[in-house]
Amino acid sequence: MADAVLFEFLHTEMVAELWAHDPDPGPGGQNMNLSVLESMGFRVGQALGERLPREMLAFREELDVLKFLCKDLWLAAFQKQMDSLRTNHQGTYVLQDNSFPLLLPMAAGLQYLEEAPKFLAFTCGLLRGALCTLGIESVVTASVAALPGCKFQVVIQNS
Amino acid sequence: MAVCVAVIAKENYPLYIRSTPTENELKFHYMVHTSLDVVDEKISAMGKALVDQRELYLGLLYPTEDYKVYGYVTNSKVKFVMVVDSSNTALRDNEIRSMFRKLHNSYTDVMCNPFYNPGDRIQSRAFDNMVTSMMIQVC
């Protein structure tokens, strides 16, 4: 298995590169950069959603897919499992990771709280992409209360 | 060996379809289309049954007098349909399973290709070569 730090370094560089040209792009530019990161994560998530469940049996329901995300996807991407999964049984799931590997090297507490969303956009896209391949349309948002813990909220879009 | 191989997307349109006897291709396209109903039936039957194991390989979908149609569905609801010649009795179940496994692996590789947009027709030459190796004629 490749060293986890390789992806961490690449990810940090991706975020840094997007903000390098204009460190303070204003809300419009900020959103543009975040959606670039999110769509990159989306495409990667789509491919992962095809490759990872290959030897597994078919998923029977939505909760199975979410459990797959928390266990297998997180294990493959970040070498650890998600710390907790909560749901309101009406299409909203909250995935909580108390020591997210991409935020770990940054700080442990409230420092850099405003910069944290930039480092979560790719992962939100990753979750959304994997869910999309597995047949679930969703909106994924992330929130940080205190580094390095973070919560990902998945809202299933039912037409 | 397979006579026709098709990859059908989640929304039931073909991503890739190829058959060996190049005359009468329409007949195979029609067969694959009708087999989709059987696939859907099997998938919904799996959902209702309280069976713990849910396999990806669906097995023989329906036999006609000349051909047998086999199906396989992935976790992303992409279906693979394979039509084989009935006269080729040497083909056993586990051989069909291994052919589907190869198909699944090649399809995953196509998905991971950054130049491929999910939902487009599959134009990968590597995928084509793998399918050709499965369709080599007897005569």
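Here A:Leu34 clears all of (1) within 14 Å of another protein chain (Cβ to nearest Cβ); (2) touching a Pro at 6+ places or on another chain (Cβ under 9 Å) except the condition numbered (1). In the range A:131-147, the residues that are under 14 Å from B:Lys10 (Cα atoms) reach residues that are assigned to a helix (DSSP H, G or I) and among the aliphatic types (A, V, I, L, M) with C-beta atoms within less than 6 angstrom, at least six apart or across chains, in these pairs: A:Leu134/A:Val65. Within the range A:112-125, residues that are on the phi > 0 side of the Ramachandran plot have Cβ atoms under 9 Å from residues that are not in a helix (DSSP H, G or I) in these pairs: A:Tyr112/A:Leu103; A:Tyr112/A:Met106; A:Tyr112/A:Leu147, counting only partners at least 6 apart in sequence or on another chain. Annotation: of all residues in the range A:43-53 being in contact with a helix residue (DSSP H, G or I) (Cβ under 6 Å, 6 or more places away or on another chain) and at the interface with chain B (Cβ under 7 Å from one of its Cβ atoms), the one that is surrounded by the most Cβ atoms within 10 Å (Cβ to Cβ) is A:Gly49.
Highlighted here are the helices (runs of 4 or more DSSP H) found entirely within the range A:58-159 that include at least 3 residues which are of a type outside the set (D, E, K, R) and over 18 Å from A:Met40 (Cβ atoms): A:62-68. A count restricted to the range A:104-127 and to residues that are buried (at least 22 other Cβ atoms within 10 Å of the Cβ) and more than 23 Å from A:Ser35 (Cβ to Cβ) stands at 0. Looking for something away from chain B (no Cβ under 14 Å), of a type in the set (Phe, Trp, Tyr) and either over 14 Å from the mean Cα position of the chain (by Cα) or surrounded by fewer than 14 Cβ atoms within 10 Å (Cβ to Cβ) (or both) - is there at least one such residue anywhere in the range A:93-103? No - not one qualifying residue is present in the range A:93-103.
The condition of being surrounded by 12 or more Cβ atoms within 10 Å (Cβ to Cβ) and without any contact (Cβ under 8 Å) to a residue 24 or more places away in the chain holds for only one of A:Leu85, A:Leu69, that being A:Leu85.
Would you check which residues across the range B:101-123 are acidic (Asp, Glu) and more than 12 Å from every other protein chain (Cβ to nearest Cβ) and list them?
B:Asp120
Filtering the range A:54-66 to residues that are in contact (Cβ under 8 Å) with a residue 60 or more places away in the chain, more than 9 Å from chain B (Cβ to nearest Cβ) and surrounded by fewer than 21 Cβ atoms within 10 Å (Cβ to Cβ) leaves only A:Glu62.
Contact map, the range A:92-107: residues that are of a type in the set (Ser, Thr, Tyr) paired with residues that are buried (at least 19 other Cβ atoms within 10 Å of the Cβ) and assigned to a loop (DSSP other than H, G, I, E, B), Cβ distance under 6 Å, separation 6+ or inter-chain. Pairs shown: A:Ser99/A:Pro148.
A:Ala130 passes every criterion in (1) among the small types (Gly, Ala, Ser); (2) surrounded by fewer than 22 Cβ atoms within 10 Å (Cβ to Cβ); (3) closer than 16 Å to A:Met82 by Cβ apart from (2).
All of the numbers you see were taken from the coordinates with simple rules; none came from a lab. Only a predicted model underlies this, so the values are computations on that prediction, with no experimental measurement involved. Note that we place each Cβ from the backbone using ideal geometry, even for glycine, and neighbour counts take in every protein chain shown.
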